[in-house]
Each structure stands twice: as structure tokens, then as C-alpha cells.
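A short write-up of the structure that comes next.
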Amino acid sequence: ENIIAGLTWLDRRPKSFDLLTDAAVREIHKRLFGEIWDWAGIYRLTDKNIGVPVWHISTELRTCLDDARYWRDHKSFDPLAATARLHHRLVWIHPFANGNGRWARIMADAYLARIDPKVFLDWSGAGTLNAESEHRTAYIAALRAADQYDFDPLVTLVKTIAR
């Protein structure tokens, strides 16, 4: 229910709402998970086995959002490639203690909706990313390849889930 309320809130933002800001990133996470976790919308305070060190979160996120804005405004990549790259960077930064994957997919969806509102991404692959499946395995492998600067598997995956 919290995710649905957050998605509804996000969908009702005016076109002028800039999702590529620190304040928006935090607010979206809080709207998606605020009924679940008191700390929703607050960057993690401890290092994890994934994600950048805590003292790099703000800087890396700012760079990520600025890059995504540049990609969009200058058409550096096709919309799906730009969306895949943004999604990867958000997951790689891992700014929150929990909820990063779902939040990053929703951020990517909102980003793509501003570039090409006719396209919808079915991240679940007509199944679920929460359970072990071939699709989840391919998704995780594509993210890991992108960690090594090979974005082709992730871009290909995003293109296959585009509707």
C-alpha cells in the first residue's frame, strides 16, 4: 500500500517537478517506504557490503543525477540506454539502508516517463524480481556487468522489458 501511495504521489507531480535532485530522491524514497521505515528518505549511515562508502553517497548521487540530466538534455544515449545507466548508478550507489532496488527501478521509470512517456518497463519480466528466476538471474548479472563498465547486457535487458 505504501508503494502504491508513493507511485500515486509521484504520478501527480507537475511536469516541472525535477526528479533529478537530492531533495526529490529523498522524498521519493520516503513516499515509497515512509509507512514501513522511520528512516525512509534518509541516506544510510553505515557501510554495507554493496554500495559506495557512506561519505561518498551525496557526491556520487549528485554526479549521477547531473549525468542523467545531461544524457537526457543532450540525447547522449537513446532513452532506454540512458534509463539503464541511471538505474545502474542508483543501485551501485545504494544510498539507503534498504529499498534501493525497488526505489532505483521507480526512479528509472519516472526518468523514462519524462523522456518517452509511451514506453513502460516491466522490470519483473512478467514474473517477479523477488523470487529466484531466470529473469532475476539475468537482471543481477546485467547489473554486475555494468559494475565493470559493460552496459550492453543491462541495456539489452531494459530493451527486452520495454513495452
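Please treat every number below as a calculation from the coordinates, not as lab data. Predicted model only: the values in this text are computed from it and were never measured. Here Cβ is always computed from backbone atoms with ideal geometry, including for glycine, and neighbour counts include all displayed protein chains.
Selection of region 145-163 for residues being crowded, with 16+ Cβ neighbours inside 10 Å and assigned to a loop (DSSP other than H, G, I, E, B) yields only 151. Restricting 104, 142 to residues that are part of a helix (DSSP H, G or I), farther than 17 Å from residue 66 by Cα and touching a helix residue (DSSP H, G or I) at 6+ places or on another chain (Cβ under 6 Å) narrows the list to 142.
Contact map, region 5-18: first residue touching a residue at least 60 places away in the same chain (Cβ under 8 Å), second residue charged (D, E, K, R), Cβ cut-off under 7 Å, separation 6 or more or different chains; pairs are 6/31; 10/31.
Yes or no, residue by residue, for (1) surrounded by 14 or more Cβ atoms within 10 Å (Cβ to Cβ); (2) more than 17 Å from the chain's Cα centre (by Cα); (3) among the aliphatic types (A, V, I, L, M):
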{"residue": "1", "(1), (2), (3)": "no, yes, no"}
{"residue": "14", "(1), (2), (3)": "no, yes, no"}
{"residue": "19", "(1), (2), (3)": "yes, no, yes"}
{"residue": "24", "(1), (2), (3)": "yes, no, yes"}
{"residue": "41", "(1), (2), (3)": "yes, no, no"}
{"residue": "49", "(1), (2), (3)": "no, yes, no"}
{"residue": "60", "(1), (2), (3)": "yes, no, no"}
{"residue": "70", "(1), (2), (3)": "no, no, no"}
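The set of residues in region 1-53 that are within 25 Å of residue 69 (Cα to Cα) and hydroxyl-bearing (Ser, Thr, Tyr) comprises 8, 16, 21, 43. For region 74-97, state whether one or more residues are in a helix (DSSP H, G or I), in contact (Cβ under 8 Å) with a residue 12 or more places away in the chain and surrounded by fewer than 17 Cβ atoms within 10 Å (Cβ to Cβ). Among the residues of region 74-97, not one is in a helix (DSSP H, G or I), in contact (Cβ under 8 Å) with a residue 12 or more places away in the chain and surrounded by fewer than 17 Cβ atoms within 10 Å (Cβ to Cβ), which makes the answer no.
Taking the options 141, 113, name whichever one is surrounded by fewer than 17 Cβ atoms within 10 Å (Cβ to Cβ), more than 21 Å from residue 33 (Cα to Cα) and either among the hydrophobic types (A, V, I, L, M, F, W, C) or in contact with a Phe, Trp or Tyr (Cβ under 7 Å, 6 or more places away or on another chain) (or both).
Going through 141, 113 in turn, the sole match is 141.
Can residue 116 be described as over 28 Å from residue 2 (Cα atoms) and over 14 Å from the mean Cα position of the chain (by Cα)? Here the answer is no, as residue 116 does not meet what is asked.
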